[in-house]
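See below for the structure under consideration.
The numbers here are math on the coordinates, done by the rules we state, and not lab data. Here the structure is a predicted model, which is why all the values come from computation and not from measurement. Ideal geometry is used to build each Cβ from the backbone, glycine not excepted, and the neighbour counts take in all protein chains shown.
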Amino acid sequence: MVKVAPSILSADLSNFEREIKIVDESGAEYIHIDIMDGHYVPNITFGPNIIKTLKKITKKILDVHLMIEPVEPLLKEFIVAGADIISFHPEADSNHEKIIDTIANSDCSVGIAIHPNISVKNIEHFLKKVDHVIVMTVIPGFGGQSFLMEQAKKIAELSELRKKNNYSFNIEVDGGINKDTAKICTNNGADILVAGSYIFSEEEEKYKQLINSLR
């Protein structure tokens, strides 16, 4: 069954602890944290301290998506803070091997993220080295965007490569996820769905129902 990762980018930060506890109790397997620095993307969001805070609130897997440029100088701060998964965009830093090795040699799983403008072919050589691949189905930087339908083929392409080469990475889809687009993703081979505004824009009483609607 597909797993769900609510994105705190869309959470009510004035009621942060309660928001996290509710999605935790509603059956989400992951908590997704978008780290943006104003360089790789125009928005600025969180730093390592948000990871430390989340570790005090939830035992769920903390799925950290680094949208920063460069990646390597700040990487260890997110490891030390307690991230469980760290994904990065290869085009944001040329030190790919060092980044992958640093993450892999910690207690974190390694992930790469594919920008909508980047092809699967461009990242194919990483697939045997990573635990997760995030397919971005919106232009990264802001929540609440619509699903880019043409990106669904990347999910299928990754699923086929995984099967063909006996790889074990998870396919995660991030951007514009709702009940309808979730079906498209899972039908193409997605394992994890990141959902932000679809969950957090509704009343908290509906969080469990909304999370379950994505499965």
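Which of the residue pairs K59/K164; K121/K206; K55/K128 have a Cα-Cα distance greater than 31 Å in the structure shown? Pairs exceeding 31 Å: K59/K164; K121/K206. Each Cα pair of segment 14-60 feeds into the Kirkwood radius, which the Stokes-Einstein equation turns, at 10 °C and 1.306 mPa s, into a diffusion coefficient of 135 µm²/s. For E72 and S14, the FRET efficiency from 1/(1 + (r/R0)^6), where r spans their Cβ atoms and R0 equals 25 Å, is about 0.15. The longest part of the chain holding none of the exposed loop GluC sites (Glu not before Pro), meaning those outside H, G, I, E and B in DSSP with at most 13 other Cβ atoms within 10 Å, is 1-201. What is the spin-label model distance, in nm, from S94 to E205 if the labels are put 7 Å beyond Cα along the C-beta direction? Each label point is offset 7 Å from its Cα along the Cβ direction, giving 5.7 nm. Dipole magnitude for the chain: computed about the Cα centre from +1 point charges on Lys and Arg Cβ and -1 point charges on Asp and Glu Cβ, it is near 580 debye. Only Cα pairs under 8 Å and 6+ residues apart enter the sum, and on that basis the relative contact order of the chain stands at 22 percent. Between the beta carbons of K55 and N166, assuming R0 = 30 Å, the FRET efficiency works out to 0.30 to the nearest 0.05. Per the Debye calculation on segment 3-213 with a single equal scatterer at every Cα and no solvent contribution, log₁₀ I(q)/I(0) for q = 0.16 Å⁻¹ amounts to -1.04.
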